[in-house]
1. Based on the alpha carbons, how large is the Rg to Rh ratio for segment 7-126 when Rh follows Kirkwood?
2. What size of dipole, in debye to the nearest 20, comes out for segment 7-126 about its Cα centre when the only charges are +1 on Lys and Arg C-beta atoms and -1 on Asp and Glu C-beta atoms?
3. What is the extension gain from Ala35 to Leu63, computed as 0.36 nm multiplied by their sequence separation minus the C-alpha to C-alpha distance, in nm to one decimal?
4. Too long at a 24 Å Cα-Cα cut-off: which of Lys48/Lys68; Lys48/Lys107; Lys68/Lys109; Lys33/Lys88; Lys48/Lys109?
5. Per 0.36 nm of contour for each residue apart, how much would the distance between Ala15 and Lys48 grow if the chain were fully extended, relative to their Cα-Cα spacing?
6. Positive end of the dipole of segment 7-126, charges at C-beta (+1 Lys, Arg; -1 Asp, Glu), about the Cα centre: which of Leu110, Ser47, Ala98 has its Cα farthest in that direction?
Amino acid sequence: MSYFINLADANAQIAARKFDTAPWDEIPTDAAKLACLAQAYDRIYYSKEFILPTYAEASVADLVVLQKAQIEMAFYLAIHASDEDRRKGLQAQATVGAGIVKETYDKDKLYDTPIPPFVRDLLCAYLAGDPGQEFGAVDLCRDENESVGTKVCDFD
């Protein structure tokens, strides 16, 4: 899946938006570039942070933003995916510090999916909301003797 119809469109977007395209250009094959785009799509589409439409559901305005976000995510992955995998692997092994490179890892961030800030900015209109902040009904001062939880109609 992707927000792009073909690789040529994605390549054109990268060429138009990045002054240094070397990380993308260094991906060895078109198949690898397509895999990077697929991983970028999966990273943002399945993120618990956003509720995104599919390509078929997206409006033209949505596609403009979603394609930018996918390109930015793919470019990030082209640069950082292998380092990120190594670090997440260390975190999964309960490692909190790597002495040789003097890095420390926050054990509370093991389950967080790295998404660049600019991608989050692009997708702010699609935020899923904070858990525990869901909409709900509460009892207010009422003239009736029924509570908000009382079923007052039958849809069966």
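1. Answer for segment 7-126: 1.01.
2. On the way: 13 positive and 18 negative charges, 52 e Å.
That gives segment 7-126 a dipole magnitude of about 260 debye.
3. 8.1 nm
4. In this structure, Lys68/Lys109 lie more than 24 Å apart at Cα.
5. That works out to 8.9 nm of additional length.
6. Ala98
None of the figures in this text is laboratory data; all of them are computed from the coordinates on show. All values reported here derive from a predicted model rather than from experimental measurement. Positions of Cβ are backbone-derived with ideal geometry, glycine not excepted, and every protein chain shown enters the neighbour counts.
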